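The values are calculated or read from the model by the stated rules, or taken from the named source; none is laboratory data. In this text, all values refer to a predicted model and were calculated from it rather than measured experimentally. Note that each Cβ is placed from the backbone with ideal geometry, even for glycine, and that neighbours are counted across all protein chains shown. When the accessible area is computed, the model is the full protein with side chains, heavy atoms only, and any ligands, DNA or RNA have been set aside. Shrake-Rupley method; radii C 1.70, N 1.55, O 1.52, S 1.80 Å.
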Amino acid sequence: MVQHSDRPLRESVRKGLTLALLVALVPLMGCEPRGKAQGSRSAGLACPRPQAFLTTQEFNAQEQQLRALRQQAFGGDFFAQIDLARRYGGREAEARKTYDPVEAAVWYELALANPDGFAPIVTARQNRRLGGARLEDCREAERLGAFNGLEHLLGRMSSGERQEVRDRVIYVLSTQGPEGFRTLARLPDAGFGPFGDPYEASPIDPRDLEGRRLPAAATLFTRNDMDVYQFNYLAAQSGDVAGFVMLKDFERSSPGRAALGSDAEAKAKRWTPPFEFYPPEAPESGVPHSDESAPMGEAAALALSRLDELPFLHVGHALAFLQVIPKPILTKAELSATEAQTFQAMLGRPMTGRLSPLEEVRAIQYAAVSGQARSQLALAVMYAEGVGVPRDYARAFHWFSQADRQGSPEAKYAMSTFFSLGMEGVADQDKASAVVYQIDGALAGFKPSAQRLRELLAQVSRAPRT
């Protein structure tokens, strides 16, 4: 049963989101009537689209269109998300060889959770002084169509496929910065509709939310106060005012929720996204599911600008492990244009023949995800130092752990340092574990590299040098 007791909270939170939602108050002119949709509260209207995205099936054009749509969709474009979902799951997906139900469900869910899809539209015609009639919102029909598409797809999925949809949605939203974390906080919040939307704006009939058998689309993200607190906390930690307001309103809504504070904050400090980068899988069309996330904020831009501090040798080892090049290389100049294009094709990125800083980071991430201990250790240090990627001690700890499981002696020492010093973002320290890791590291015999790592981690943790 859906609880509606949190509606006063919802109203308070919505006031706190006013600034964030103002970006959606842009008039959409030229909506064309398409007939009344079944179950719609108003006439079915389809919002206009660029004609270029609606026609050509030729492969190169299709690949370019998908990449353009993915770039816009990753950036939070409501209409691009819907059109991308239709490309993967619509009527023509089979003919285009792009059919992928999981991917289609991901983008339908993201569109339904997108505030731009349910924020009010203000136009001059609505101004009472002009006496104009209210412009009927074509986005309502778009959201209804997205809900019907999502419901159809989820109803035929296994639990594993549904989890895959959830993980991909969480990853994409996590790349959108504070706004994405605020959306993630609304999805499991009983004070909002199933898509983090106001109940009265939901494309689901309110009567369907009162029964015991909820629509499949309404259960993709279950109600969970701990997750609400965690994602609001992550948004607030970035300095986001709206995230801070949501967090405080949530805390004040009940004693039980306020009591979640310490546990939720500890969980948030250990939180990492489901993926290091979006899985570059490909349907029958051969067009990979490219990761079009862009660095968000000053911290990400600064980290990427520091990539030159990382010796290119680490990128070279990663590319060799991925079999892009026959053996590791020391400098970027040794990488041929063809080899760079090969890796760019693996990522589903434009094949320019010259790796961008982000693609160099992706090489190390790709190798780390694929199991290379050397790249896992390099990525851990990158997160610890904020080189190439924003500083994130939870992710650093994760990749040190992965390298340690493969017997990396450097990783063993790093793990012992984490445990001993209690670095920020890593909870549940265990001094006994630190002793075990130090003994194991000494037996592995790597004192020179251990000393370098000791100095690096001492600087990161602001501990005095020894």
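Inside segment 188-293, counting only helices (runs of 4 or more DSSP H) that do not spill past its ends, which hold 2 or more residues that are surrounded by fewer than 16 Cβ atoms within 10 Å (Cβ to Cβ)?
Where helices (runs of 4 or more DSSP H) fall fully within segment 188-293 and carry at least 2 residues being surrounded by fewer than 16 Cβ atoms within 10 Å (Cβ to Cβ), they are 241-252, 255-258, 261-270.
Given the structure, is Arg129 modelled with pLDDT under 85 and part of a helix (DSSP H, G or I)?
Yes.
Please enumerate the residues belonging to segment 91-110 that are part of a helix (DSSP H, G or I), modelled with pLDDT under 90 and among the charged types (D, E, K, R).
Within segment 91-110, Glu94, Arg96 qualify.
Can you name the condition, by its number, that Asp249 falls short on among (1) touching an Asp or Glu at 6+ places or on another chain (Cβ under 6 Å); (2) more than 27 Å from Gly388 (Cβ to Cβ); (3) touching a residue at least 12 places away in the same chain (Cβ under 8 Å)?
Going through the list (1) touching an Asp or Glu at 6+ places or on another chain (Cβ under 6 Å); (2) more than 27 Å from Gly388 (Cβ to Cβ); (3) touching a residue at least 12 places away in the same chain (Cβ under 8 Å), Asp249 breaks only (1).
Going by the conditions given, is Pro328 in contact with a Gly (Cβ under 7 Å, 6 or more places away or on another chain) and open to solvent by 20 Å² or more (accessible area, probe 1.4 Å)?
So Pro328 passes the test.
How many residues are farther than 16 Å from Leu304 by Cβ, assigned to a helix (DSSP H, G or I) and open to solvent by less than 60 Å² (accessible area, probe 1.4 Å) when one looks only at segment 348-380?
Number of matching residues: 8.
Pairs, please: C-beta under 6 Å, at least 6 apart or cross-chain, first residue under 19 Å from Glu276 (Cα atoms) and in segment 340-358, second open to solvent by less than 40 Å² (accessible area, probe 1.4 Å) and of a type in the set (Val, Ile, Thr)?
Pairs that qualify, where the first residue is under 19 Å from Glu276 (Cα atoms) and the partner is open to solvent by less than 40 Å² (accessible area, probe 1.4 Å) and of a type in the set (Val, Ile, Thr), are Phe343/Val324.
Please determine, by comparing only the residues of segment 294-312 that are aliphatic (A, V, I, L, M) and open to solvent by less than 50 Å² (accessible area, probe 1.4 Å), which one is farthest from Ala68 (Cα to Cα).
Leu310
Please verify whether Ala301 is under 29 Å from Val381 (Cα atoms), of a type in the set (Gly, Ala, Ser) and assigned to a helix (DSSP H, G or I), treating the condition exactly as stated.
Spelling it out, Ala301 is indeed under 29 Å from Val381 (Cα atoms), of a type in the set (Gly, Ala, Ser) and assigned to a helix (DSSP H, G or I).
For segment 168-181, does any single residue satisfy the condition of being crowded, with 22+ Cβ neighbours inside 10 Å, more than 19 Å from the chain's Cα centre (by Cα) and not β-branched (Val, Ile, Thr)?
So far as segment 168-181 goes, no, none of its residues is crowded, with 22+ Cβ neighbours inside 10 Å, more than 19 Å from the chain's Cα centre (by Cα) and not β-branched (Val, Ile, Thr).
Can you tell me which condition Arg156 does not meet? The list is (1) modelled with pLDDT of 90 or more; (2) part of a helix (DSSP H, G or I), and all the others hold.
Condition (2) is where Arg156 drops out.
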